[in-house]
1. With a ≥ b ≥ c the root eigenvalues of the C-alpha gyration tensor of the chain, is it rounded (a/c under 1.5), prolate (a/b larger than b/c) or oblate?
2. Counting only residues 5 or more places away or on other chains, whose amide H sits under 5 Å from the amide H of Q90 once H atoms are built in the peptide plane?
3. Filter the trypsin sites (Lys or Arg not before Pro) in region 253-343 to those in DSSP coil with at most 11 other Cβ atoms within 10 Å of their Cβ, and list the result.
4. Give a quick list of GluC sites (Glu not before Pro) in region 316-415 that DSSP marks as loop, anything other than H, G, I, E or B, with at most 13 other Cβ atoms within 10 Å.
5. Between the helical axis of 27-44 and the dominant principal axis of the chain, each derived from Cα atoms, what acute angle in degrees is found, rounded to the nearest 10?
6. Provide the FRET efficiency to the nearest 0.05 for the D28-T383 pair, computing r from the beta carbons and using R0 = 60 Å.
7. Hey, can you rank 417-424, 487-494 by average C-beta count inside 10 Å, highest first?
8. Beyond a 31 Å Cα-Cα separation, which of these cross-linked pairs lie in this structure: K254/K493; K319/K427; K250/K319; K399/K427; K71/K163; K250/K498?
Amino acid sequence: MTTRRHFVQAASTALALQSVRGAEPDPDFVKAMQAVQSAIPTAEADPQRPRYHFHPPANWTNDPNGTIFYKGWNHLFYQLNPFAARIGSQHWGHARSRDLVNWEHLPIAIWPSTEKGERFIYSGGAAIASDGRPRLIYTSIGHPQPEQWMVTPKDDDLFEWEKYPGNPVLTQAAHGDSPVNQWRDPFLFHENGRAYMVCGGSIPGGRGGAGQVQLYRAEKDDLSQWKHLGAVFHSPERDIFNIECPNLFKLDGKWVLVFSPHRPCEYYVGDLDVARVRFTPETHGVLDPGDAYASNISVDGGGRTILWLWGRTNTPPDKGWGSVITMPRVLSIGADGFLRQTPVPEFETLRGEPKSIGPASLEKPLMVNGVPGDSTEIEAEFTGSGSYGFELRRDAEGKPGIVVSIQGQYLNVGTARTYLGNTGRNKLRIFLDKRCIEVYCNDGIAAVFNWVEAADDAQGISVFGQSGGRGPRGNSGSSGRAAPTPPRLESLKVWPMKAATFNMDRFHV
């Protein structure tokens, strides 16, 4: 319900934005905004819509874009289809947050300039230019070849953006006689006082091992001119035929390359020699084996390196929404040289009163009652061998919407599986949020996002354990050459999770 206070705030904001935009906003912008607004009632009516994962006001999102911290705000741009709850008609949506949990939706930031031949606004990145203000660079689609275009802020709150009149700032001509196929998704970073950019794509002449990451250096301080330095990375894996959304950034004294190879995102940790245009990998891993994709990176006001991912939810389009952005994850490098991923601790502010259980043996399943099972944080610690974990979103007949289990050296989240290593004690942290789930194991050694298919009233939570490596549904686990130690629940806490705030006061034409 709109109160008088909200009406006055919205009217004041509208007048402020009108003074920035001028009296007549772009008709394409108005059409896109109205399309999103008209879909909001349908999206909000779906009881399976996540409550604390970031999502647009309505319709479709995919890649996080241009993530940047500026003047006390974390800014998230994202791929948005304003017109339907399915992929297509890419624009850049925009939101900002003080705490990475609660968000303020802002007007659509970038839409196709149809009069200039643009059809889609593909993914890209952000950086601070020499004047201390951000620039966004994205892949512009609709021309004979993809082009990289830049936009600049019209106000210091970053509510309104305008396209650089000298666009494009980078074209295929930079590659000379060696064009790059599927060339897109710029990501920007600074090193030794200079601005650099990487883009993904592949080299012509076949699919096997053709994925590359190209490196560019800014030749002007306003980031309006770039020079191609060469391919900084060439995939050593023959089945990677193309690379999307490359992110190259410094972390804990090393360099990290994250990319999306048309399968779960992968990463390398290593060293970067800019002068020789060479990234040298040392360790290699899968970022998230679940249904997450298309990463972006930011550094927040506390200096934390934050990972953002598109979380697919497989939502029927008639629900008025599709997909989310995963919970922002703090990245670090472990002593073994591999990445660690943990959710930002600010999500703990959404916790309700906890329910605690354990220690307990698991000769028979343990039911967790008294907490809602669809918007919940679960923290548990297990010891022993065999197979153990949770059946979640159980219905009245006991059928789970998803199973989270540890079997031997592996973590399973639904159909996704990732390697943990050999350990006799495992700690799980699970975030259930209606139609999606995120699982973190052993302080971030593994992180998995997946979607959940369950009825609205399927709220049951069950803890199970079985020696000999067979789970409650016959899944095989560890071989157990020695006599297995029965699995045991050492501790369990379950918190009901409140909804995050998604403020709509500024989301209007």
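FYI, it's all coordinate maths here, none of it is from the lab. Worth saying up front: this structure is predicted, and the values here are computed from it rather than measured. Counting neighbours? That spans all protein chains shown, and the Cβs are built from the backbone with ideal geometry, glycine included.
1. Taking the square roots of the gyration eigenvalues as a ≥ b ≥ c, the chain is oblate.
2. HN-HN under 5 Å from Q90: I121.
3. R276
4. Filter output for region 316-415: E363, E397.
5. Tilt of helix 27-44: around 10 degrees.
6. Computed FRET efficiency for D28 and T383 comes out at 0.55.
7. 487-494, 417-424
8. As for pairs spanning more than 31 Å Cα to Cα, those are K254/K493; K319/K427; K250/K319; K250/K498.
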